[in-house]
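Asker: A single structure is presented below for examination.
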Amino acid sequence: MPVRRLGKGIGAAILASIAAGGAAVSFLAWDWHRPYRRAAGEVRVAVSRGDRAGDVVEALHEKGLVSNRVSFKLAFVLYGNPRKLRPGTYRFDRPLSPLEIIGKLNRGEVELTRVTIPEGLRADEVIELLAKGGLGSEDAFRRAVQDPRPILDLDPRALDLEGYLFPETYLLDPGLSEKAVVLVLVRSFRSWWASAAGPGRDRGLREVVTLASLVEEETASAPERPLIAGVFENRLRLGMALQTDPSVVYALSLAGRYSGTLRREDLAFESPYNTYRHAGLPPGPICSPGRASLEAVLSPQASPYLYFVSRNDGTHAFSRTLEEHNRWVARTRRGRSAGGR
């Protein structure tokens, strides 16, 4: 083959390659900046822990957010952070270009998960609620809650975080670890405690939270909480047993023996949490008390009352003497069975 003809062939091939490369670059530049969306309305894409970049690209393509998977993967390799993908749900409410989508992923713009921790939940119930909310696994949450270190500086006797998972409505990043989620709840409690004021602030934190957890479980009536806290204070001052049913329920629950109904024989169950058998406060909180119950303990209402019994309508009848209390118990039992204090 003549050298001149060979040179012309190589030159043509090079020119063709340059032309093809230029066309490819032009296509990629056009495609990466072109807003695209096949589906109408809002689109959500869930990214789970451990998802690879390829899994995310496929999900975006299936949802109609990406038109050319090969082009998008190349852009992701060049401009994305595949190894730092934040788990969570990404919301797309308008057409975006591949580079805009990648920017959203890089910034970790996930939708926050709204979760409400009601007042009066035990730690195991909070764990179940968080896990059902899609924020992690029960086992991992349980390990986090069993570690008292986030509260030990305020409560050196804490064996776990019972009582310190502050009831509140939270907006949580689903990409947080279970330990980080639990820390958010504990920090919320710490923030409340740092701002709390009242005569009861002079007593130890553990005593305040333990007593507040009893108040929380005894009534859902906000106006009654300071009065019930005052009754407990009166009994503690006189050395009387608190005799509060929720403490027995908690003791039975810890032992896996609570059937859902408190029976008379259960009041004899041996546990340091059973305030029928042991005078004074139980060893620690029996639930996470809410703000109102905590504040009721810090500022209890003074009264001469030593007893109270449910009226079966969400409120209680208060008594000074055992005789008066027994009359109220008999009156309420005529309607339906009710536990008395």
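Asker: Within the bounds of the range 160-175, is there any residue that is modelled with pLDDT under 95, within 28 Å of Thr113 (Cβ to Cβ), out of contact with any strand residue (DSSP E or B) (no Cβ under 9 Å at 6 or more places or on another chain) and part of a loop (DSSP other than H, G, I, E, B)?
Answerer: So in the range 160-175, the residues modelled with pLDDT under 95 come out as 171-175.
Next cut, within 28 Å of Thr113 (Cβ to Cβ) only: 171-175.
Adding the requirement that they be out of contact with any strand residue (DSSP E or B) (no Cβ under 9 Å at 6 or more places or on another chain) leaves none.
No.
Asker: Among the basic types (Lys, Arg) and either under 26 Å from Val309 (Cβ atoms) or without any contact (Cβ under 8 Å) to a residue 60 or more places away in the chain (or both), is that true of Arg264? Lay out the reasoning, then the answer.
Answerer: Working: among the basic types (Lys, Arg): yes; either under 26 Å from Val309 (Cβ atoms) or without any contact (Cβ under 8 Å) to a residue 60 or more places away in the chain (or both): yes.
Against the criterion (among the basic types (Lys, Arg) and either under 26 Å from Val309 (Cβ atoms) or without any contact (Cβ under 8 Å) to a residue 60 or more places away in the chain (or both)), Arg264 qualifies.
Asker: Residues in the range 209-222: is at least one touching a Ser or Thr at 6+ places or on another chain (Cβ under 7 Å), closer than 19 Å to Pro285 by Cα, at pLDDT 95 or above and not in a helix (DSSP H, G or I)?
Answerer: no
Asker: While we're here: Restricting to the range 53-84, and then to whatever is hydroxyl-bearing (Ser, Thr, Tyr) and touching a Leu at 6+ places or on another chain (Cβ under 8 Å), can you tell me which residue is surrounded by the most Cβ atoms within 10 Å (Cβ to Cβ)?
Answerer: Looking at residues that are hydroxyl-bearing (Ser, Thr, Tyr) and touching a Leu at 6+ places or on another chain (Cβ under 8 Å), I get Ser71.
Asker: Out of everything in the range 184-211 that is in contact with a Gly (Cβ under 8 Å, 6 or more places away or on another chain) and of a type in the set (A, V, I, L, M, F, W, C), what residue ends up being surrounded by the most Cβ atoms within 10 Å (Cβ to Cβ)?
Answerer: First, pick out the residues of the range 184-211 that are in contact with a Gly (Cβ under 8 Å, 6 or more places away or on another chain): 206, 208-210.
Keeping just the survivors that are of a type in the set (A, V, I, L, M, F, W, C) gives 208-209.
Working: Val208: 23, Val209: 28.
By that ranking, first place goes to Val209.
Asker: Just to check your reading of the model, which residue among Arg38, Arg83 is part of a helix (DSSP H, G or I) and among the basic types (Lys, Arg)?
Answerer: Arg83
Asker: Count, please, the residues in the range 133-191 that happen to be in contact (Cβ under 8 Å) with a residue 60 or more places away in the chain and of a type in the set (A, V, I, L, M).
Answerer: 5
Asker: Quick one: in the range 107-127, which of the residues that are of a type outside the set (Val, Ile, Thr) and under 11 Å from Tyr170 (Cβ atoms) is modelled with the lowest pLDDT?
Answerer: Of everything passing the filter in the range 107-127, Leu112 is modelled with the lowest pLDDT.
Asker: Within the group Val70, Val56, Val77, which residue is within 28 Å of Glu178 (Cβ to Cβ) and either assigned by TED's automatic domain parsing to the domain that holds Glu178 or part of a helix (DSSP H, G or I) (or both)?
Answerer: Val56
Asker: In the range 42-52, how many are closer than 13 Å to Ile101 by Cα and crowded, with 16+ Cβ neighbours inside 10 Å?
Answerer: 2
Asker: Could I ask something else about it? For the range 259-279, does any single residue satisfy the condition of being among the polar types (S, T, N, Q), assigned to a helix (DSSP H, G or I) and farther than 30 Å from Gly50 by Cα? Full working, then the answer.
Answerer: Pass one, the range 259-279, residues among the polar types (S, T, N, Q): 259, 261, 271, 274-275.
If we keep only those that are assigned to a helix (DSSP H, G or I) as well, we get none.
So far as the range 259-279 goes, no, none of its residues is among the polar types (S, T, N, Q), assigned to a helix (DSSP H, G or I) and farther than 30 Å from Gly50 by Cα.
Asker: Taking the options Gly284, Gly290, Gly260, Gly314, name whichever one is assigned by TED's automatic domain parsing to the domain that holds Ile228 and surrounded by fewer than 19 Cβ atoms within 10 Å (Cβ to Cβ).
Answerer: After ruling out the rest, the residue left standing is Gly260.
Asker: Another question about this same structure. Taking the stated definitions as given, is Pro226 within 13 Å of Ala292 (Cβ to Cβ) and surrounded by 16 or more Cβ atoms within 10 Å (Cβ to Cβ)? Break it down into steps so the answer makes sense when it comes.
Answerer: Details: within 13 Å of Ala292 (Cβ to Cβ): yes; surrounded by 16 or more Cβ atoms within 10 Å (Cβ to Cβ): yes.
For Pro226, the condition - within 13 Å of Ala292 (Cβ to Cβ) and surrounded by 16 or more Cβ atoms within 10 Å (Cβ to Cβ) - is met.
The values are calculated or read from the model by the stated rules, or taken from the named source; none is laboratory data. Predicted model, so just to flag it, every value in this text is computed and none were measured. Using ideal geometry, Cβ is built from the backbone for each residue, glycine included, and neighbour counts are taken over all protein chains shown.
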